Structures are given as C-alpha cells and as structure tokens.
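K.L.:
Sharing a structure below in structure tokens format, with a few things to ask.
The values are calculated or read from the model by the stated rules, or taken from the named source; none is laboratory data. In this text, all values refer to a predicted model and were calculated from it rather than measured experimentally. Cβ atoms come from the backbone with ideal geometry, glycine included; neighbour counts cover every protein chain shown. Remember, those area values only see protein heavy atoms, side chains included, never the ligands or the DNA or RNA. Shrake-Rupley method; radii C 1.70, N 1.55, O 1.52, S 1.80 Å.
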Amino acid sequence: MSAQPDHTPAAPYAPAPGAPAELLAQLRADRRAAQWVPAFERDWAKALDDARHTFSLTPLHEVVRTWQLRVAAAPDVDAYLDSGRDESAFVDLDDVLGGRP
C-alpha cells in the first residue's frame, strides 16, 4: 500500500512572473488610473512587506488576482451604471467577486 494520495491537490493560484507589471500597465492605461494606480501600488507595497515577513508569495499573488478581477469586472460595472440603475452607495467588491480564499 502506498502512502501517496490517489488524487493531485489543486495548485494554488500563481500568476505569471510578468503579471504584476502587465497589470500595472493596464491600470495606467485605464480611465480610472488616477484612483486605481495609487491603490494598486499601496496594496502591492503592503503585500510585499507581508511577503518579506512570512517568506510566502501568497500575499503578492492575492493582490494580482484581486486586481485582475477588478479590471475584468470594470466593463460590467460600467454597463450597469450606464443603464440608469445608478446607485450612489458603494458596492462591496467581495459581494461582486465572492469571498477571498
């Protein structure tokens, strides 16, 4: 009998090595750049500090994943707001994207 599992566990999300730079370039080209670039840089700096203390790249991967989802959801949010169903209150990102792992 083998002590090896009979299934392969799912690998955690790991973005491509150039993903943060590509994402930042995409954010800088967006019409929301004035708000998004400083927010991304703040999130990235905090994740980098967390990664230094934990010796784990997970915080950095989470920042990239979260911002990729924000960018991907932006056209849908714009379409909703342009539909005349504008809500002046904010929408929590976790409600839109689901809870974080």
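K.L.:
Within region 16-25, is there a residue that is within 17 Å of L69 (Cα to Cα), at pLDDT below 95 and not in a helix (DSSP H, G or I)?
P.N.:
Yes.
K.L.:
Within the group R31, R42, R52, which residue is not acidic (D, E) and not in a helix (DSSP H, G or I)?
P.N.:
Just a single option satisfies the conditions, and that option is R31.
K.L.:
Next up: Across region 36-56, what is the total count of residues that are hydroxyl-bearing (S, T, Y) and open to solvent by less than 50 Å² (accessible area, probe 1.4 Å)?
P.N.:
Counting residues in region 36-56 that are hydroxyl-bearing (S, T, Y) and open to solvent by less than 50 Å² (accessible area, probe 1.4 Å) gives 1.
K.L.:
Return the pairs, sorted by first residue and then second, in which the second residue is open to solvent by less than 30 Å² (accessible area, probe 1.4 Å), the first residue lies in region 20-46 and is among the aromatic types (F, W, Y), the beta carbons are less than 6 Å apart, and the residues are 6+ apart or on different chains.
P.N.:
W36/L27; F40/L27; F40/W67; W44/V63
K.L.:
Moving on to the next point. Out of R85, R100, I need the residue that is under 21 Å from A16 (Cα atoms) and at pLDDT below 80. Which one?
P.N.:
Being under 21 Å from A16 (Cα atoms) and at pLDDT below 80 holds for just one of R85, R100, which is R100.
K.L.:
Only one of these is among the hydrophobic types (A, V, I, L, M, F, W, C), part of a helix (DSSP H, G or I) and more than 20 Å from F40 (Cβ to Cβ): L60, L69, L81. Name it.
P.N.:
L81
K.L.:
Which of the residues that make up region 56-82 are modelled with pLDDT under 90 and not aliphatic (A, V, I, L, M)?
P.N.:
D76, D78, Y80, D82
K.L.:
Need pairs with beta-carbon distance below 6 Å; first residue under 18 Å from Q35 (Cβ atoms) and touching a residue at least 12 places away in the same chain (Cβ under 8 Å) and within region 64-84, second surrounded by 16 or more Cβ atoms within 10 Å (Cβ to Cβ) and of a type outside the set (D, E); sequence gap 6+ or separate chains.
P.N.:
Between residues of region 64-84 that are under 18 Å from Q35 (Cβ atoms) and touching a residue at least 12 places away in the same chain (Cβ under 8 Å) and residues that are surrounded by 16 or more Cβ atoms within 10 Å (Cβ to Cβ) and of a type outside the set (D, E), the close pairs are W67/L23; W67/F40.
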